[in-house]
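Participant: One structure is given below, represented as structure tokens, and several questions about it will come after.
The values are calculated or read from the model by the stated rules, or taken from the named source; none is laboratory data. Since the model is a prediction, treat every value here as computed from it, not as a measurement. Here Cβ is always computed from backbone atoms with ideal geometry, including for glycine, and neighbour counts include all displayed protein chains.
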Amino acid sequence: MTTLIKSTTEVEWREVRRQGIGASDAPAILGLSPWKSPIQLYADKLGLAEDGQEETEAMRWGRRLEGVIIAAYAEDTKREAMPGDPLTVHRSDEFPFMQTTLDGWVTEPARTARGVLEIKTTGFFRAEDWAEGPPLMYQVQVQHALAVVGARWGSIAVLVGGQRLLWADIERHDGFIARLIAQERAFWERLQAKDPPAVDDSKATSEILRALYPKEQAGLVVNLPGEAIEWDAAIQAAKAEIKAAETTKRLHENLLRAAIGEAEAGALSTGTVWKWTSREVAGYEVKSRIDRVLARREAKEAIA
């Protein structure tokens, strides 16, 4: 059973969305989202930083096309499909921290109960992601929605490049859902305890840490944990590898430049062509801003 929470504005809906774990949050908790890390989701839910994922032009068009895609899906599959209410949140009564906003519902004549419908759009350059079925992160979203509303199946429809519709049915996987619920419950409990998840190597985590700690407290020095010595060593080793790689890259680029000389391009026997052409570099101004810089000093320098 679920409780329906209806909002009258998108602002109100976003606030309700912050009060639980939605289908689009599930991949982030499992570390499967390319756009959001667990610690970024943690900060978003607690309102510690602005939501880092601003709506892009592609996302706006995705919303605009949802109704069109649902109609096309119904036509292609000969199924009855209806859109969901974009301002209504379904909240699980059994697991109140789980909720979802459905893109739609679908009825299949061969099935006794309706399924959930997930709508996506993607560009031509991401078409390969769907070559062997829906990407894992989207399958996770459907499983989350199935867990919330108690449905046994769902379907994903994606419009590729604005002109090719793909779709696939997703069956409920109770074993996976049990593990998903456990992971989401653990995340939710950490939220309540104000215990942030571990940091990872994602750019999203770097950005959220800057947002969480935008300015230092002058004169404050903290004692780092013992394992920070390993972090320091790893950073220095990585810098050395990057420097060596940059040196190797620069040497071989210079060899190519010397070989091309005054020509426009040089061709390899494999058919690959290296071009060395002129282009105008426009001047620009960078707006002033305050940004924290992570820098290292040797022990003797840190005393100064």
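Participant: Could you identify the single residue in Gly283, Gly266, Gly261 that is farther than 24 Å from Ile208 by Cβ, touching a Phe, Trp or Tyr at 6+ places or on another chain (Cβ under 6 Å) and either at pLDDT below 95 or not small (Gly, Ala, Ser) (or both)?
Facilitator: Values: Gly283 fails: touching a Phe, Trp or Tyr at 6+ places or on another chain (Cβ under 6 Å); Gly261 fails: touching a Phe, Trp or Tyr at 6+ places or on another chain (Cβ under 6 Å).
Of the residues listed, the single one that is farther than 24 Å from Ile208 by Cβ, touching a Phe, Trp or Tyr at 6+ places or on another chain (Cβ under 6 Å) and either at pLDDT below 95 or not small (Gly, Ala, Ser) (or both) is Gly266.
Participant: Return the residues of region 106-156 that are surrounded by fewer than 20 Cβ atoms within 10 Å (Cβ to Cβ) and acidic (Asp, Glu); say none if nothing qualifies.
Facilitator: Correct list: Glu108, Glu128, Asp129, Glu132.
Participant: If you don't mind, another one. Based on what the data block shows, is Ala198 out of contact with any helix residue (DSSP H, G or I) (no Cβ under 6 Å at 6 or more places or on another chain) and under 21 Å from Val140 (Cα atoms)? Please lay out each step first, then the result.
Facilitator: Details: out of contact with any helix residue (DSSP H, G or I) (no Cβ under 6 Å at 6 or more places or on another chain): yes; under 21 Å from Val140 (Cα atoms): no.
Against the criterion (out of contact with any helix residue (DSSP H, G or I) (no Cβ under 6 Å at 6 or more places or on another chain) and under 21 Å from Val140 (Cα atoms)), Ala198 does not qualify.
Participant: Still on this structure, I have one more. Take Pro225 and decide whether it is touching a residue at least 40 places away in the same chain (Cβ under 8 Å), assigned to a loop (DSSP other than H, G, I, E, B) and not basic (Lys, Arg).
Facilitator: No: the conditions fail for Pro225.
Participant: For region 155-205, what are the residues that are of a type in the set (Phe, Trp, Tyr) and either in contact with a Ser or Thr (Cβ under 9 Å, 6 or more places away or on another chain) or within 30 Å of Asp76 (Cβ to Cβ) (or both)?
Facilitator: Initially, region 155-205 is screened for residues of a type in the set (Phe, Trp, Tyr), giving 167, 176, 187-188.
Once the filter is applied, which keeps residues that are of a type in the set (Phe, Trp, Tyr) and either in contact with a Ser or Thr (Cβ under 9 Å, 6 or more places away or on another chain) or within 30 Å of Asp76 (Cβ to Cβ) (or both), region 155-205 yields Trp167, Phe176.
Participant: Still on this model: Please work out which residue is farthest from Asp25 (Cα to Cα), limiting yourself to region 111-138 and to residues that are touching a Gly at 6+ places or on another chain (Cβ under 8 Å) and not hydrophobic (A, V, I, L, M, F, W, C).
Facilitator: To start, the set of residues in region 111-138 that are touching a Gly at 6+ places or on another chain (Cβ under 8 Å) comprises 115-124, 127.
Cutting the leftovers down to not hydrophobic (A, V, I, L, M, F, W, C) gives us 115, 118, 120-123.
Details: Gly115: 20, Glu118: 15, Lys120: 16, Thr121: 18, Thr122: 19, Gly123: 22 Å.
If we take residues in region 111-138 being touching a Gly at 6+ places or on another chain (Cβ under 8 Å) and not hydrophobic (A, V, I, L, M, F, W, C), then Gly123 is farthest from Asp25 (Cα to Cα).
Participant: Among the residues of region 158-199, which ones are without any contact (Cβ under 8 Å) to a residue 24 or more places away in the chain, of a type outside the set (A, V, I, L, M) and more than 30 Å from Glu108 (Cα to Cα)?
Facilitator: Glu189, Gln192, Asp195
Participant: I'd like to verify a number: residues in region 247-281 that are charged (D, E, K, R) and either closer than 25 Å to Asp200 by Cβ or outside any helix (DSSP H, G or I) (or both), how many? Spell out how you get there, then give the answer.
Facilitator: Let us first name the residues in region 247-281 that are charged (D, E, K, R), namely 249-250, 253, 257, 262, 264, 275, 279-280.
Adding the requirement that they be either closer than 25 Å to Asp200 by Cβ or outside any helix (DSSP H, G or I) (or both) leaves 262, 264, 275, 279-280.
Number of matching residues: 5.
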